[in-house]
Amino acid sequence: MTIEWRPDERQFHLSNGLISLILRVYEDGSLGQLHLGGALPSGRPYRHLGPDPFAGYANLVGGHVPFVYPTPGIGDFRVPALVAEGADGATALTLRYRDHRITAGKPSLEPLPSTYVEDESEAETLEVTLDDELTGLVVDLRFTIFDGRPLIARSATIRATGAHPIDLRTAMSVVIDLPDTDWVMVGLAGAWAREAHVVERALVPGRQSMASTHGASGAQHNPFLALRRPATDEANGEAYAFSLVYSGNFLAEAEVDQFGATRLRLGIEPDTFSWHLGPGDAFVTPEAIVVYSAAGLQGLSDALHGLFRDRLARGTWRDRPRPILINSWEAAYFDFDADRLVEIATSARELGMELFVLDDGWFGHRDDDTSSLGDWVVDRRKLPDGLDGVARRVTALGMGFGLWIEPEMVSPDSDLFRAHPDWAVGIPGRARTETRQQLVLDMGRPEVVDHLTDVLTDVLASAPISYVKWDMNRTITEPYSLGLTPEAQGEFFHRHILGVYELYRRLTRRFPDILFESCASGGGRFDPGMLAFAPQAWTSDDTDAIERLRIQWGTSLAYPLSSMGAHVSAVPNHQTGRITPLATRAAVAFFGVLGYELDPTVLSAGERAEIGAQVAFYARHRDVFQRGRFIRLESPFGGERDHVSWMSLSPDGATAIVGVYQILNRPTPEARRLRLRALEASAVYQVSGWPVSDDPMIAANTGLRTGAELMAAGLLLDRDRHYAETLGDFWARLFVLERVETPRG
Ligand code: DGJ
């Protein structure tokens, strides 16, 4: 890993053998990008890759100039990185190189979340300072390259150093220019209970984007975008990923210009943003991660998974095996008392579950979703001995005790709202939209964050709590803060999310041993910003196994298994009404952080035996399921798909588990083999199956197989007509591959 500065060519080259980023200070002082992609040899000039000699954009009509941080007013009509309004009302900026620094390690962006290093030798950071002489606006652009990771972390600090204030209208985290347009844009889109569906479209001239203006990153689009070559698939070909470490409104946009080039930008959504910089003030953008892969989408996912799991997540639970939980929500909803909870916990404990999570309904007088958010005081009608009483009864069973909270919200029917109606977000004189009968607290106001810190600290200290599910169940419809002047209302959304981060920071630091799981009506805020505080997230409220195939596949494009909460629930499924076999529900939920979200006290003896075996199986292979390398094999997206498959390879490579899922069963099935990936060709694996060993498909594959065979010939998934008749819809099989002989030499 090196960052090279060649003063004669005024060229920077960041490289680690996996990726190269080459920048050049043009003749007029503007900063251009010569290359971002596959690693190039260092120690060489690459000046010829850019326009040469460069004499300003306007003199290059017909040519394409890749700028690192483009602004209006320089003749570049594509989407800008930075729009700032000076005292004269103009937005033109001519940013020129002033100086730069190369340092070991990576600086923190606090109060924003960001990736980090544990040792300075893990990364190097280039900071280039650009300035605009007329306004005194200064931009510090940061580029961090990590050892052994094919990615660059980017962020910028924008400073007003002149005599006059400056108003930021757009402040992107990164802009990347690529020299052609032969790309397919890959995004994650969806809705509540249908998150993270993979959507693809070939780039066309003009602008195309994924974005959120909901106040959170949202279930509709994820702050992730990839570009792949049309021929790139999971395992082969070129691709880039762009991921924003941010949980608020974002924009990920590609623009194809008239010269046949592509500009990609990623950052805070500009239509819902402005920021006032008085003289001497600074604004820091969220961090963006840019990944390059020559090994298909897998290369992107591998890089993001490793970074997010090991150098974005932090704290006690980053590397720890995560407990198998039972969640009370779909078992009891709001209808419980202490005895009922202990009954559920006892029954779950008998099946091997390790953590009991008390979901919504334990506080105020919350018998449904019409009241009490904000009143974080235990409901003694339901829990006469308080949280501590029920938590101690649960922990006495040998389980952890977890608790649901929704700190950022307030019910109009709550003591908090009656005492502080002005703390709820809303525009004076306008009606406030109530979604789920609740309002959003104004997290940009320090007194709100202080209050929540105090009351939640009391709650979390009041009982032996080892896990918190931090929910957030609505969007922000009328953004306005009484804590801000009318002129500063454009700062509302960013200040709001900074307040959320501050509360997370305080509570995670105060309670380092608590495992935090973020949630926003499921995956409505499943983003890297949240992962910096909560190493796992509730992937979706939709626990239907078939829906989850799509949701978990899509989520896995950017996020590691260790971050994905995945539960087995009852049938008919509470979101879709679908009835799927218990084994299928488990075979999907295994690939992530497993939980159960059903009433174990009403299960039949057969179901209990099955779940007990599932829990034991998962516990035995927890490392594969939670920390393994996730490899997507057959996609649920793209046309008529009735089968899906994926696998996970343990960190030491000794065990792989393959999941094979059939959506609708077919008569007269076609011949089918499933070729695996990423095994050691010369290793020998003992193949066995799950859930039943006497199943013909499992029997056909059981035995010793070389990695070469499993990758070149594959697992045999053929079914004859008579066997197919026995399967029904929605079946699943797992294949466990255990390496018995390692290759020699
Ligand atoms: C939405 C979450 O996603 C659910 O899991 C559950 O916690 C409910 N909120 C509780 O209100």
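Quick notes on this one:
- Selection count where residues are touching a helix residue (DSSP H, G or I) at 6+ places or on another chain (Cβ under 9 Å), surrounded by fewer than 24 Cβ atoms within 10 Å (Cβ to Cβ) and outside any strand (DSSP E or B), scope the range 624-640: 3
- Residue match in the range 585-603 (condition: in contact (Cβ under 8 Å) with a residue 12 or more places away in the chain, assigned to a strand (DSSP E or B), touching an Asp or Glu at 6+ places or on another chain (Cβ under 7 Å) and at negative phi): yes
- Within the range 709-745, the residues that satisfy the criterion of being over 35 Å from the mean Cα position of the chain (by Cα), of a type in the set (A, V, I, L, M, F, W, C) and not in a helix (DSSP H, G or I) are LEU727, VAL740.
- Residue list for the range 326-351, restricted to those being aliphatic (A, V, I, L, M) and within 16 Å of the ligand (Cβ to nearest atom): ILE326, ALA331, ALA332, LEU341, ILE344
- Scanning the range 635-648 for residues that are at pLDDT 95 or above and over 17 Å from ALA558 (Cα atoms) returns VAL644, SER645.
- Pick from the range 80-106, criterion within 21 Å of HIS494 (Cα to Cα) and touching a Pro at 6+ places or on another chain (Cβ under 7 Å), ranking: surrounded by the fewest Cβ atoms within 10 Å (Cβ to Cβ): VAL83
- Residue within the range 665-673 that is in a loop (DSSP other than H, G, I, E, B) and basic (Lys, Arg) present: yes
- Residues that are within 16 Å of the ligand (Cβ to nearest atom) and not aromatic (Phe, Trp, Tyr), drawn from the range 352-361: LEU355, VAL357, LEU358, ASP359, ASP360, GLY361
- Taking the range 116-142 as the range and being under 24 Å from ARG309 (Cα atoms) and either in contact with an Asp or Glu (Cβ under 8 Å, 6 or more places away or on another chain) or among the hydroxyl-bearing types (Ser, Thr, Tyr) (or both) as the test, the residues that pass are TYR116, SER121, GLU122, ALA123, THR125, ARG142.
- Members of the range 225-274 found to be more than 23 Å from the chain's Cα centre (by Cα) and of a type in the set (Ser, Thr, Tyr), listed by number: THR262, SER274
- Scanning the range 700-718 for residues that are surrounded by fewer than 19 Cβ atoms within 10 Å (Cβ to Cβ) and in contact with a strand residue (DSSP E or B) (Cβ under 8 Å, 6 or more places away or on another chain) gives ALA700, THR702, GLY703, LEU704, THR706, ALA713, GLY714, LEU716, ASP718.
Here is a yes/no grid of residues against (1) in contact with a His (Cβ under 7 Å, 6 or more places away or on another chain); (2) among the acidic types (Asp, Glu); (3) outside any loop (DSSP other than H, G, I, E, B):
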| site | (1), (2), (3) |
| --- | --- |
| ALA252 | no, no, yes |
| GLU255 | no, yes, yes |
| PHE259 | yes, no, no |
| ARG265 | no, no, yes |
| GLY280 | no, no, no |
| ILE289 | no, no, yes |
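- Considering the range 435-446, the residues that are part of a loop (DSSP other than H, G, I, E, B) and under 22 Å from SER247 (Cα atoms) include one that is farthest from the chain's Cα centre (by Cα), namely ARG445.
- Checked against the criterion of being surrounded by fewer than 19 Cβ atoms within 10 Å (Cβ to Cβ) and without any contact (Cβ under 8 Å) to a residue 24 or more places away in the chain, the candidates ARG392, ARG380 yield just one match: ARG380.
- Looking across THR370, THR316, one residue alone is within 21 Å of ALA461 (Cβ to Cβ), hydroxyl-bearing (Ser, Thr, Tyr), in a loop (DSSP other than H, G, I, E, B) and touching a residue at least 24 places away in the same chain (Cβ under 8 Å). It is THR316.
- With respect to (1) farther than 27 Å from ALA534 by Cα; (2) within 16 Å of the ligand (Cβ to nearest atom); (3) among the polar types (S, T, N, Q), the lone exception for SER411 is condition (1).
- All positions within the range 362-376 that are within 13 Å of the ligand (Cβ to nearest atom), surrounded by 24 or more Cβ atoms within 10 Å (Cβ to Cβ) and under 12 Å from GLN438 (Cβ atoms): SER372, LEU373
- Criterion: within 16 Å of the ligand (Cβ to nearest atom) and part of a strand (DSSP E or B) - qualifying residue of HIS574, HIS567: HIS567
- Considered as a group, the residues in the range 725-740 that are farther than 18 Å from SER688 by Cα and crowded, with 17+ Cβ neighbours inside 10 Å include one that is modelled with the lowest pLDDT, and that residue is LEU727.
- Residues of the range 5-27 that are crowded, with 16+ Cβ neighbours inside 10 Å and in a loop (DSSP other than H, G, I, E, B): GLU9, ARG10, ASN16, LEU18, ILE19, TYR26.
The values are calculated or read from the model by the stated rules, or taken from the named source; none is laboratory data. As the structure is a computational prediction, the values presented were derived from the model and not from experiment. Note that we place each Cβ from the backbone using ideal geometry, even for glycine, and neighbour counts take in every protein chain shown.
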